[in-house]
Amino acid sequence: MNIYDVSRRAGVSIATVSRVLNGNPNVSQKTRSRVLAVMDELGYTPNVFARGLGLGTMKTIGIMCSDSSDPYLANAIYYLERQLRSHGYDSILCCTGTSLENKRTCFELLLSKRVDAMILAGSKFVELIDRDNDYLIQAARELPVMLVNGYLDAPGIYSTVCNDYEAMYQVTSRLVDSGKKDILYLYTSHSYSGLNKVQGYKNALADRGLPVRRELIHQCAKDLTASRQLIEQLADSGLSFDAVMTSDDSLAVGAVKFACSKKISIPEDLAVVGYNNSILSYCTTPEISSVDTKVEELCTATVTTLMSVFDGSQVPSRTVIAADFIQKETTNFSF
């Protein structure tokens, strides 16, 4: 028998079972009695909590990410775990995918392990529909919830974000100032970070008197082959563009491959800008100019904030980190 069996039999969430086990006062006596009765009926013993009995803490942090194969998120996990170890904390990782149901399930699973806090790496954990964030808001009443490059305004939720809007605004502005007028923008998602990026792109064009053209803005899977194929289709359809900006380096790799296959000169005839300054931006010829979103600094600041919360210190609910633009070989403007 396990905590899932108790949850199903009692007709409550895993998080509620966890609260009963932890002695959390925010559970009604009726619910507590029902859960305890089911545990007794099933003969369930919460061995997972044995080493934490009497300590008040498991010295363990739950980490969630949508895709650990993503270079940005893989780096984030590495830096988060390293920082947590330096403070004497272990971590448990769940890779959730992108569906809301899986995110909730993984979140409750980590809560059932009696973690001391939750860290959600990446902006895809903040949903566009407010009610879909309720499970995070409710959990934050009982333990700290840390967002790495996502923002949600609620008590107990602490966000460390890169200023994606300003980074994209500045790079778009420099492209326009260098003579680029038809800038194709490829993005991967409508996440918190994704929305800030595209808004920076749009506002920079508008502030420089250029129209925001829908035919130049396209969503694309985070895959270099998909990016290359999409750009080829757009070019074959007659769409003209003299620069490609992307929300992720993988899409920029596709743009470079497209240009090389068509013998288009980079950056003279086609400028290319990536995002995240990942290892992918160094793996092409020419190397890709990219926005460095300071993932190590974001993760270090997140853990530092968490330790301050544990200490009872007053900390801001949002910490903003400025990005850098790393110019390599696919752009030639001054910055």
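What follows draws every value from the coordinates through simple rules; no lab data is involved. The structure displayed is predicted, hence computed values, not measured ones. Here Cβ is always computed from backbone atoms with ideal geometry, including for glycine, and neighbour counts include all displayed protein chains.
Things to note:
- Descending by average beta-carbon neighbour count within 10 Å, the peptides 147-157, 188-198 line up as 188-198, 147-157, the highest first.
- One Cα centroid belongs to the stretch 85-164, the other to the stretch 270-314; the line between them spans 19 Å.
- Distance (nanometres) between label positions extended 7 Å along Cα→Cβ at Gln229 and Asn332: 3.3
- Listed values (i) 17.0; (ii) 21.3; (iii) 18.7, entry calculated as mean projected area of the Cα convex hull in nm²: (iii)
- Rounded to the nearest whole Hz, the Karplus-based 3J(HN,Hα) values (6.51 cos²θ - 1.76 cosθ + 1.60, θ = phi - 60°) of the stretch 100-109 follow the sequence 4, 4, 5, 4, 5, 4, 5, 4, 5, 4, with x at glycine and proline.
- Long-range amide H partners of Ile217 with built H, under 5 Å: Tyr185
- Cβ crowding within 10 Å averaged over residues, with 280-289, 117-126 ranked highest first: 117-126, 280-289
- Under 5 Å between amide hydrogens, built in the peptide plane, is the criterion, and for Phe325 it picks out Asp292 among residues at least 5 positions away or on other chains.
- Charged-residue dipole, Cβ positions (Lys, Arg, Asp, Glu), the chain about Cα centre, Debye nearest 20: 820
- FRET E, pair Ser86, Asp132, Förster distance 35 Å, beta-carbon r, rounded to 0.05: 0.55
- Orphan Cys of the chain, criterion: no other Cys C-beta under 4.7 Å: Cys65, Cys95, Cys162, Cys220, Cys260, Cys283, Cys299
- Summarising the amide proton neighbourhood of Asp248: residues at separation of 5 or more, or on other chains, whose placed amide H is nearer than 5 Å comprise Tyr275.
- Net charge contributed by nearby residues that have their C-beta within less than 14 Å of Asn26 (K/R +1, D/E -1): +3
- What you get for the stretch 233-335, charging only the Cβ of Lys and Arg (+1) and of Asp and Glu (-1), is a dipole of about 140 debye around the Cα centre.
- Peptide packing: for 96-103, 297-304, the average count of neighbouring Cβ atoms within 10 Å per residue gives the ranking 297-304, 96-103, highest mean first.
- Residue-wise HN-Hα couplings along the stretch 282-295, as the Karplus relation 6.51 cos²θ - 1.76 cosθ + 1.60 with θ = phi - 60° gives them from phi, are 9, 9, 10, 10, x, 5, 8, 5, 8, 7, 8, 8, 6, 4 Hz; Gly and Pro carry x.
- Cα-based Rg and Dmax for the stretch 187-335, where Dmax is the largest Cα-Cα distance (Å): 17.6, 60
- Rounded to the nearest 20, the size of the Cβ-charge dipole of the stretch 56-140 about its Cα centre is 320 debye, with Lys and Arg at +1 and Asp and Glu at -1.
- The HN-Hα couplings worked out from phi for the stretch 178-191 by the Karplus form 6.51 cos²θ - 1.76 cosθ + 1.60 (θ = phi - 60°) are 8, x, 7, 10, 10, 9, 6, 10, 10, 9, 9, 7, 9, 6 Hz, whole numbers, x standing for Gly and Pro.
- Candidate lysines for bridging to Lys257, where Cα separation is under 21 Å - those fewer than 8 sequence places away on the same chain excluded: Lys180, Lys222, Lys328
- Here, P(r) means the percent of Cα pairs in each 5 Å bin from 0 to the largest distance; for the stretch 260-335 it is 3, 14, 19, 15, 12, 9, 8, 7, 6, 3, 2, 1.
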